[in-house]
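First up is the structure itself, then whatever we jot down about it.
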Amino acid sequence: MTAGEYSRKKQEDKPIRIGIIGAENSHTIGFGKLFNIEKKFPGVEVLYVWGETEEFARNAMINGGIPNMVSDPGEMTGKIDALIVDHRHPKYHLEAATPFVKAGIPTFIDKPFCYRVSEGKEFLAMARDLGTPITSYSSIAQSDATFDMKEQVEALGEINHVIRCGPADLESQYGGIFFYGVHCVQPLMYMFGEEIERVRITKNGKNAGANLAYKNGMLATIIFKSLHYGWETFVETKEGVIELKSRVDEADPPRNYTDMVEMFRTGKEPRSHQSILNCVAVLEALEKSSTNEKWEEVMV
């Protein structure tokens, strides 16, 4: 075994103690099951959880196999090697993460990263200056399926129109379009690029959709589904309209978890900070348009 191989093996074997802030979201139980019950990443364990209520925290402990609950997130200081922030509303994410980022703790912030681009810029600049690894993404976007469809898009040639379908609720108490719209928007940006210049939402009662205008002239339409759960993507090509479907099986454990743990171990961030902000900017513009149904510029 070479010195480099030995060093990598030591990183892979290094135990990682995770703390989670937020337990209202079902994802927290999912993280507990993944690391503590199924043990998909040996040596990686969720040891602490803080919940918005004691009931939320206890539910996560029982169903996620998490051994400890804290009454204040600060109680985890010095006891964890990595942090997951998992509130349902993104407006709470950055404030919760800040003390740990300042302490140098690698942090994964569940989707959506934050509620305002301006706050995100300030937070990421702080993390960069401190050298603390940060990432955030939609599990639908950071998947083998989406990366495979991105490869297909690159081989299709000219594409003028895209239709993306997925669930979203503009009236959600957890940030409206931010809460589930991220699963529509972020995969779209992964597959077709991030240069979205302006957006517009159109509503008819409780039904709604959005148009996203790309710098290269491409137009993407998102249909916010209200009757069916799931995501589909269609593209117009010279051969006609086709549906993009993944040709690969998702890895076990899935890519989104593997990339997160890799960052916890090595400090390597799977996404650029700019990419994280670009998605928030599109969501923020969509939120503005949802109030007036006019075109809104995407401001990063």
Legend entry - Boolean, GLU52 is in a loop (DSSP other than H, G, I, E, B) and surrounded by fewer than 22 Cβ atoms within 10 Å (Cβ to Cβ): yes
Inset, instruction - Determine which member of the set TYR174, TYR115, TYR137 is out of contact with any Cys (no Cβ under 9 Å at 6 or more places or on another chain) and surrounded by 18 or more Cβ atoms within 10 Å (Cβ to Cβ). - result: TYR115
Legend entry - Filter result for ASN25 (modelled with pLDDT under 95 and surrounded by 14 or more Cβ atoms within 10 Å (Cβ to Cβ)): yes
Inset, instruction - Scan (1) of a type in the set (Asp, Glu); (2) over 23 Å from GLU262 (Cα atoms); (3) out of contact with any helix residue (DSSP H, G or I) (no Cβ under 7 Å at 6 or more places or on another chain); (4) not assigned by TED's automatic domain parsing to the domain that holds ARG265 for the single condition GLU122 breaks and write down its number. - result: (4)
Legend entry - Neighbours by Cβ (under 8 Å, 6+ apart or cross-chain): first from the range 104-128, over 22 Å from ASP81 (Cβ atoms); second at pLDDT below 95 and part of a loop (DSSP other than H, G, I, E, B): VAL117/VAL300
Inset, instruction - Kindly check whether there is at least one residue in the range 64-78 that is within 20 Å of the chain's Cα centre (by Cα), outside any helix (DSSP H, G or I) and either free of Cβ contacts under 8 Å to residues at least 60 places away in the same chain or under 23 Å from GLN142 (Cα atoms) (or both). - result: no
Legend entry - Residues of the range 226-262 that turn out to be in a loop (DSSP other than H, G, I, E, B) and farther than 20 Å from PHE192 by Cα, as a count: 10
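The values are calculated or read from the model by the stated rules, or taken from the named source; none is laboratory data. Please read all numbers here as calculations on a predicted model, not as lab measurements. Glycine gets a Cβ as well: all are built from the backbone with ideal geometry, and neighbour counts include every protein chain shown.
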